[in-house]
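Have a look at the structure below before the remarks.
The values are calculated or read from the model by the stated rules, or taken from the named source; none is laboratory data. These numbers come from a predicted model, not from an experiment. Cβ placement follows ideal geometry from the backbone for every residue including glycine, while neighbour counts extend to all protein chains displayed. Remember, those area values only see protein heavy atoms, side chains included, never the ligands or the DNA or RNA. Shrake-Rupley method; radii C 1.70, N 1.55, O 1.52, S 1.80 Å.
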Amino acid sequence: MVPNKQTDKEAIVATEQENGEEEAGVDQSMSGFKNFLWHGGSAYDAWFSCASNQVAQVLLTLPYSFSQLGMLSGVILQVFYGILGSWTAYLISVLYVEYRARKENVSFKNHVIQWFEVLDGLLGPHWKAVGLAFNCTFLLFGSVIQLIACASNIYYINDHLDKRTWTYIFGACCATTVFIPSFHNYRIWSFLGLGMTTYTAWYLTIAALVHDQVEDVVHSGPKKLVLYFTGATNILYTFGGHAVTVEIMHAMWKPRKFKYIYLFATLYVFTLTLPSAAAMYWAFGDQLLTHSNAFSLLPRTRFRDTAVILMLIHQFITFGFACTPLYFVWEKVVGMHDTNSICLRALARLPVVIPIWFLAIIFPFFGPINSAVGALLVSFTVYIIPALAHMLTYRKASARQNAAEKPPFFLPSWTAMYIVNVFIVVWVFVVGFGFGGWASMTNFIKQVDTFGLFAKCYQCKPPPASLPAHNH
């Protein structure tokens, strides 16, 4: 039996009150200052979390994508996938609210709802399995990418150690994220992370303009189909931070306020990604085709070193963002999710970090990995599955009539929503997964053939002439 509309709304209010009471209890037990830094659940916290999580190391690979796509395609695809990503984040938020409405008699105190549980509650165990597989694999490789990027960036400040050694060091540092209980506790980190990314983005923009164009600069992109679709898929990946959307919503005191937060976060992210990628491509052109990390082309200055350090700290934060949902899944598997002891939960989470560490050492090239993850995982996790799940959840007239959230004001027809969702599924499957998968895997295999697995120092400076020449 489908609950009526009034019951739905009452259920949502009840769950929000439950969240509010839980927060109030925490507020009373914590000092005001500690609570201000540590325990966030407002719409502003969610906005900072979404914006901070959406653009970290990928900021450094977007100029590389522009060199593959050309300036015009780079700008158009950023805007296009940003809007598509905002739409599917909206769909996820609607399905979360619907799930909470249908679970009106269930208390979620000490339990964080995750995307695969929403799919299970609305569409059954097969959808749960699909959602769990794609989300966990995406988050696993998302965490791997952050570790690789940390090693890649620190090398531009200190090249006395090779990138593989730096990966060992940062793996140990990032393992400390096991002590951060949930997305409630990322308030100060999200705020700082976005500030750091903002500095880095504008440093790239200004440094590229001050540097001016290199001599005989060439802007030949797009030159090859394989490069074009690799770049396009990296941009698809850029706006695919949805694997943590449900967890961010669940951390909010009033999850219904999330609806348009991701869109507002994306609009801000455009002010960072578009100027920095365009300016770097304008200045360096085709040189970027062999430099997937934008820092590698800029002269070393105190401003660049500051940007590298800030990006390193932000990548630590983003590692935590990507890993926390994996921690939750693992806690549920081993029966530790409802434990109040932070130390016990941290101990239970440690096995999650080990395979991430190992994979970062095997595949040390994060530019090509971004594209491969975008094509094979993000295309489904972020775009196809949410659109299909929304259509199937509201396929019956009774479900549409009693929906906890009606269609948005700018698209008030269910038919129009279905048309948009079908377009997203077809477009992303054909262009993102099909062409993008072919291109990114071709590029990825080329990197493995060129540098090998377990590469000691991918895209590093060549060894001194007095030493035997060999590829690292």
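Quick check, is V144 under 16 Å from the mean Cα position of the chain (by Cα) and in contact (Cβ under 8 Å) with a residue 12 or more places away in the chain?
yes
On the basis of being at pLDDT below 90, in a helix (DSSP H, G or I), among the hydrophobic types (A, V, I, L, M, F, W, C) and within 30 Å of V425 (Cα to Cα), does I188 make the cut?
No; evaluated as a whole, the condition is false for this residue.
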Next on the checklist: Anything in the range 399-458 that is modelled with pLDDT under 90, charged (D, E, K, R) and part of a helix (DSSP H, G or I)? List them, or say none.
Outcome noted: K446, D449
Checklist entry - Taking only pairs six or more apart or across chains, which ones have beta-carbon atoms under 9 Å, a first residue in the range 341-362 that is more than 16 Å from N110 (Cβ to Cβ), and a second residue that is open to solvent by 60 Å² or more (accessible area, probe 1.4 Å) and basic (K, R)? => result I361/R164
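Can G131 be described as modelled with pLDDT under 85 and either in contact with a Leu (Cβ under 9 Å, 6 or more places away or on another chain) or not hydrophobic (A, V, I, L, M, F, W, C) (or both)? Spell out the reasoning first.
Numbers: modelled with pLDDT under 85: no; either in contact with a Leu (Cβ under 9 Å, 6 or more places away or on another chain) or not hydrophobic (A, V, I, L, M, F, W, C) (or both): yes.
No; evaluated as a whole, the condition is false for this residue.
Take the residues of the range 288-304 that are farther than 17 Å from T198 by Cβ and assigned to a helix (DSSP H, G or I): which is least open to solvent (accessible area, probe 1.4 Å)?
Looking at residues that are farther than 17 Å from T198 by Cβ and assigned to a helix (DSSP H, G or I), I get L288.
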Next on the checklist: Can you list residue pairs whose Cβ atoms sit under 6 Å apart, with the first residue in the range 149-175 being closer than 20 Å to S292 by Cβ and free of Cβ contacts under 8 Å to residues at least 40 places away in the same chain and the second being open to solvent by 20 Å² or more (accessible area, probe 1.4 Å) and not in a helix (DSSP H, G or I)? Count only pairs 6 or more apart in sequence or on different chains.
Outcome noted: none
Checklist entry - What is the number of the single condition among (1) modelled with pLDDT of 75 or more; (2) over 20 Å from the mean Cα position of the chain (by Cα); (3) of a type outside the set (S, T, N, Q) that A469 does not meet? => result (1)
Checklist outcome for this item: Filtering the range 305-333 down to residues that are at pLDDT 90 or above and open to solvent by 10 Å² or more (accessible area, probe 1.4 Å) yields D305, T306, I309, L310, L326, V329, W330, K332, V333
Item to check | Out of Y199, Y228, sole residue that is of a type in the set (S, T, Y), open to solvent by 40 Å² or more (accessible area, probe 1.4 Å) and closer than 29 Å to R304 by Cβ | outcome: Y199
Next on the checklist: Can you pull out every residue in the range 244-287 that is in a helix (DSSP H, G or I), modelled with pLDDT under 90 and open to solvent by 40 Å² or more (accessible area, probe 1.4 Å)?
Outcome noted: R256, K257
